[in-house]
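So the structure is just underneath, and the comments pick up after that.
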Amino acid sequence: MSELRAPLDSLLKKDSPWSWGKEQQSAFDKAKQILLSDLLLTHYDPTRPIVVAADASQYGIGATLSHKGPDGSERVVEHACRTLTTSERNYAQIEREALALIFACQKFHRMIYGRKFVLLTDHKPLLAIFGSKKGIPIYTAARLQRWALTLANYDFTIQYVKSENFGQADVLSRLVASHRSDEDHIVAHTHVDEEHYNVDDVTEYVYMANLESLPVSSEEVSEHTGTDELLQQVRNTLTTVGGSLLTGNRVVIPQQLRRRVLVAVHFSHPGVVRMKALARSHVYWPGMDHGIEQMVKQCSECQSAAKLPPKAPSLYGRSNIFDPRRCFIQMAGNHRNALHTARSTITALSRVFHRYGTPVELVSDNGPPFSSYEFQQFCNQNGIKHSFSPPYQPHCNGQAERMVDTFKRQAKKNASSPAQDWISNFLFAYRTTPSQLLQGLTPAELFLGRKLRTPLSRLQPAREKNVEVHRDQYREQMRKQYGRRHGAVDRHFEVGSPVLTLNYGRMGRPAWLEGKIVDGRGLVWKVRLPTLGITVTRHSNQMRPFTPCQTENAAGFNTPRASTPPRVQPPNGSPRPQVAQREVPAPMAPIPISRTPRPQRQRKPPDRFSPGRH
């Protein structure tokens, strides 16, 4: 019908020009034919059973009122449908389905009020809300509770029907036209005197059960309800039973009795959440949740056993933990038993500070070695500001505590290995591992300013030439600077050249010994000393060129000028048994060594002062 009426409905839209054409006339004629045809509608009969079906879609709601025949067939008496408003479209599906039931009952009110009928729905959760014999569930939403009170005016039995068998109402919820109406309708309003007021068994049972659980009597509630100004304003919107007000199945408590109710609900000292759940199942008043929260906050027993408050942000966590001026201390490494006394702690820290320098600030826990007077004096003498982390708050010294945790877990993994081995390996791996907190740098690189070479460094390709060129230039610059400072002179030696080398193990021998270069290059050479029968390693700075005399022995070495010395130990102190067993040749007369003639100066001793001469 909505598609058929579309040309006619367009004429009723706002700011739409009135234009009656062939399309509108055709729609009007077809509508009359359908209305005059047999649509399987039947007349309303007060003696026949009534079946009301309602369904909701995303954009509309539909309902039908039918009579059920003796053969079980249903014949529709009336159809009804409408679109959902903007706010109703935001309802949850259960609320839209409940709204369809309310719409059906209000639409067919004149035919179903005061009669027993069957209410059909394809939303099963509504059976527990609208069809429960125990009353409305406690935690039902307020809107559903209000609609449940509206349906309480009718005598019905709600039944569930599968969606595939519920087309009579489902199709109407989808064939809807534009419609706007108020959310709720007043079905009936009747003033009933209290002496003639009758409530059903369910309401009476719920009310009496709540009264028995309250710490006050029903007479007190009724008395104070009549004098409460706030409750008098909303009295007509609530249910009145025995002079007391009920909202759903909860008793509305007057202002004068709320404190006593709170004390009774809090007798076992439950928390805020449990106390609210307990109170909501029996009583109600405006601002009840706030009163419960204040009750728990003012209870000394609850506050003394409360949980810890949320953690405050750490001051140390906001600082730069990689600042070398600040040191967070927790011993980890080869410092066994270093924290037992203040003296051992100072000794361990002194080794670190003498190697890397003293920090500006030292952060530690409150252990006895750190809080001792001796340790405070050590910090004052070295100009170190000593700060303590709060007691029982290890996260304030988090980086150091994390290192201790890592170290302990590593110790468990290497329990079967020697401590010295795995500690060194672990610390080396830890210091050479890149960290995301350091933007991909290693702790050693950040601290020392360079990368440490590891076994994995061999996998890296050769450095670029520009790096090597820069390094060679730097070395050449350092070599020239060394030469200018020490007056260095280039010395050129070759293998086989005779030289004089320094004798470091003199033992009565001359400072320089004759020898012959047998191997080496650059600045380091190996020199054979025929006098001692050994080969030593000497730097160019430890050798001088030597020109031997023309007379040479068969071995090709210069004949020694001095007599054969006794056996001596090599410079390194290790015995040489081969030299000790070898026969020493007979001593020979020394042969003078020709030297280059140089001009001699005349030496005259100084004329010293003598009192006898003057």
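Annotations for the structure displayed:
- All positions within the stretch 477-493 that are surrounded by 10 or more Cβ atoms within 10 Å (Cβ to Cβ) and closer than 15 Å to residue 523 by Cβ: 478, 479, 482, 483, 488, 491, 493
- Here residue 263 fulfils each of the conditions (1) in a helix (DSSP H, G or I); (2) modelled with pLDDT under 85 apart from (2).
Each row is one residue, and each column tells you yes or no for (1) over 21 Å from residue 151 (Cα atoms); (2) polar (S, T, N, Q); (3) modelled with pLDDT under 90.
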| site | (1), (2), (3) |
| --- | --- |
| 8 | yes, no, yes |
| 11 | yes, no, yes |
| 52 | no, no, no |
| 66 | no, yes, no |
| 83 | yes, yes, yes |
| 90 | yes, yes, no |
| 99 | no, no, no |
| 108 | no, no, no |
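- Residues of the stretch 53-69 that are over 56 Å from the mean Cα position of the chain (by Cα) and in a strand (DSSP E or B): 64, 65, 66, 67, 68.
- Condition met for residue 160 (within 27 Å of residue 41 (Cα to Cα) and at pLDDT 90 or above): yes
- Matching entry among 119, 101 (being in contact with a Gly (Cβ under 9 Å, 6 or more places away or on another chain) and under 15 Å from residue 161 (Cα atoms)): 119
- Close pairs from the stretch 113-124: first within 13 Å of residue 168 (Cβ to Cβ), partner in a loop (DSSP other than H, G, I, E, B), Cβ under 8 Å, at least 6 apart: 120/161; 120/166; 121/161; 122/161; 122/162; 122/166
- Every pair of residues 6+ apart whose Cβ atoms lie under 7 Å, when the first sits in the stretch 255-281 and is farther than 20 Å from residue 300 by Cβ while the second is modelled with pLDDT of 90 or more and in a helix (DSSP H, G or I): 258/291; 276/289; 276/292; 279/288; 279/292
- Residues being modelled with pLDDT under 80 and part of a helix (DSSP H, G or I) - total across the stretch 378-405: 12
The values are calculated or read from the model by the stated rules, or taken from the named source; none is laboratory data. Since we're looking at a predicted model, the values are computed, not measured. Ideal geometry is used to build each Cβ from the backbone, glycine not excepted, and the neighbour counts take in all protein chains shown.
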